[in-house]
């Protein structure tokens, strides 16, 4: 027992061969703290550069990963057997359906430009910048539309004009130029009988989806833009009405 206690409380360190070494005497010079600061600064700089590179890489990844929202037209039909929507095929400019798409777009533009409702506030919204007429027209054509809108708004305010447009047919004249035959029926609140007249519209257009931003492409996915528009009054000749664009 006495030997055990003497082993625990004995100060036998002086009899060992342990040596402190050269650190306290030769290595701990006055410049030692500055060396530590320099090494610490180098390490922190390296970590900062690595962190910045990682942040840049993550930012690039976040920019690439979000989906690009876009509108892609597809052709479909309703299956008469089970009333399900059945896809016909993918869209291509070389397919014959492009003719009918152009016919529909040209006819819709004529209706959109010429049709009038007696609600003057609704018509102001119809002609305003950012509306469908501005989206489907180039700058020069839209300026003419705005000029015509002033006269139409006056007719609505004074006589309560209501104009209905009926497209009879539309066909191409040359590349990018179509002619549309249509009739308009003007009804005035201060006149008993409506006025019916026949017209031709010469529509010059192009497809420029790349020139439209994302919001406009959601409304106009084909990039259909009217470059020029002219109206010519036609004779009321029944023989001229031979083909209807859309059949119910």
Query raised in the report: Counting just the residues of segment 99-137 that are surrounded by fewer than 18 Cβ atoms within 10 Å (Cβ to Cβ) and in contact with a strand residue (DSSP E or B) (Cβ under 6 Å, 6 or more places away or on another chain), which one comes out nearest to residue 172 (Cα to Cα)?
Result: 111
Report summary line: Taking segment 152-175 and keeping residues farther than 27 Å from residue 216 by Cα, free of Cβ contacts under 8 Å to residues at least 40 places away in the same chain and part of a helix (DSSP H, G or I) leaves 154, 155, 157, 158, 159
Query - Candidates 239, 190 - the one that is in contact with a helix residue (DSSP H, G or I) (Cβ under 9 Å, 6 or more places away or on another chain), surrounded by fewer than 17 Cβ atoms within 10 Å (Cβ to Cβ), modelled with pLDDT under 85 and not in a strand (DSSP E or B) - result: 190
Query raised in the report: In segment 139-174, how many are within 18 Å of residue 205 (Cα to Cα) and under 27 Å from the mean Cα position of the chain (by Cα)?
Result: 7
Query raised in the report: Out of (1) modelled with pLDDT of 85 or more; (2) surrounded by fewer than 16 Cβ atoms within 10 Å (Cβ to Cβ); (3) over 14 Å from residue 107 (Cα atoms), what's the single condition that is false for residue 177?
Result: (3)
Query raised in the report: Quick check: anything in segment 205-221 within 14 Å of residue 112 (Cα to Cα), modelled with pLDDT of 90 or more and outside any helix (DSSP H, G or I)?
Result: no
Report summary line: In segment 138-148, anything over 21 Å from residue 221 (Cβ atoms) and surrounded by 17 or more Cβ atoms within 10 Å (Cβ to Cβ) is listed as 145
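Select, from 134, 129, the only residue that is within 30 Å of residue 211 (Cβ to Cβ) and either in contact (Cβ under 8 Å) with a residue 60 or more places away in the chain or outside any helix (DSSP H, G or I) (or both).
Details: 134 fails: either in contact (Cβ under 8 Å) with a residue 60 or more places away in the chain or outside any helix (DSSP H, G or I) (or both).
When all the criteria are applied, what remains is 129.
The values are calculated or read from the model by the stated rules, or taken from the named source; none is laboratory data. The structure displayed is predicted, hence computed values, not measured ones. So basically every Cβ, Gly included, is an ideal-geometry build from the backbone, and we count neighbours across all protein chains shown.
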